[in-house]
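A quick write-up on the structure given underneath.
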Amino acid sequence: MKNKLLLLLLFACFLPLATCAQADRKYIRNGNKQFHQKEFNQAEQFYRQALAVNANNAVAHYNLGCALLMQQKDSLAAQQFERAGKMSTDKNRRAMAYHNLGVLLQTHQQYGQAIEAYKESLRANPDDNETRYNLALCQKLQKKQPQNQQKQQQSQQQKKNQQNQQQENKDQQQNKNNPNEQDNNQKDNSQPEQMSKENAEQMLNAVLQKEKRTKEKVDKAMKAGSRKRLEKNW
């Protein structure tokens, strides 16, 4: 009798955790569907709802970064990729997150920070030749970049990050106060859907379009063989 009572108590303790896990996965799946349909703002909201349920969900952070990137919210996207990289226990996913962070920072000529991001990516996946190439390129470009310009960019980036962080905190608070509760109790143990190659190409094209506005040195280096690709959604 005591053993049965103990089992019931344990089941009661773990049930809320299982329900939360199902809820955040469901939000991610809904977000992925919206991403497939190019409804990036709607996808963003679903990923934020997943994070309201489980703030430590690395997949939600990574996919939110992809949705923000498609809306040209590069600074916010970079923050999400960094969080996904720090939280992910899977080496391949960690490498993907830091690779994407490096691509964004490199695009905005934040070479010092991009170098650190690429190093983190290579620590997780030393066999990624594209990341290694991007790292070497950033190291060369950083040497050619005037020191006062580097300091000015870092100051501007810090100020922009603070503003974006305040806005993101506000958005997260709104989601907590008014979460979408539709079908939260529906059981769904399947893994989040992955983005198609087409969506991965869309993310890459968004970055490449911005690269056209960077220095001639970067453009020539890109034509020489660099392929700064973004990894697809998880």
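Under the simplified labelling scheme, the residue 162-residue 92 pair shows an inter-label distance of 4.1 nm, with each label point 7 Å from Cα along Cα→Cβ. Ordering 113, 89, 131 by Cα displacement along the dipole of the range 84-132 toward the positive end leaves 89 in first place; charges were set at the Cβ atoms of Lys, Arg (+1) and Asp, Glu (-1).
Residue-wise HN-Hα couplings along the range 48-58, as the Karplus relation 6.51 cos²θ - 1.76 cosθ + 1.60 with θ = phi - 60° gives them from phi, are 5, 5, 4, 6, 5, 7, 9, 5, 9, 7, 5 Hz; Gly and Pro carry x.
For the residue pairs 119/144; 73/119; 38/143; 38/119; 26/86, the alpha carbons lie more than 30 Å apart in 38/143; 38/119. Legend: residues 38, 143, 119, sorted from most to least accessible area (1.4 Å probe; ligands, DNA and RNA excluded), read 143, 38, 119. Taking only the Cα atoms of the range 31-150, the ratio Rg/Rh comes out at 1.02, with Rh defined as the Kirkwood radius. Modelling each spin label as a point 7 Å along the Cα-to-Cβ direction, I'd like the residue 71/residue 33 distance in nm, to one decimal. Output for this residue pair reads 2.0 nm.
The values are calculated or read from the model by the stated rules, or taken from the named source; none is laboratory data. These numbers were taken from a predicted model, which means no experiment stands behind them. We place every Cβ from the backbone using ideal geometry, glycine too, and count neighbours over all the protein chains shown. Just the protein is used for accessible areas: all its heavy atoms, side chains included, with ligands, DNA and RNA removed. Shrake-Rupley method; radii C 1.70, N 1.55, O 1.52, S 1.80 Å.
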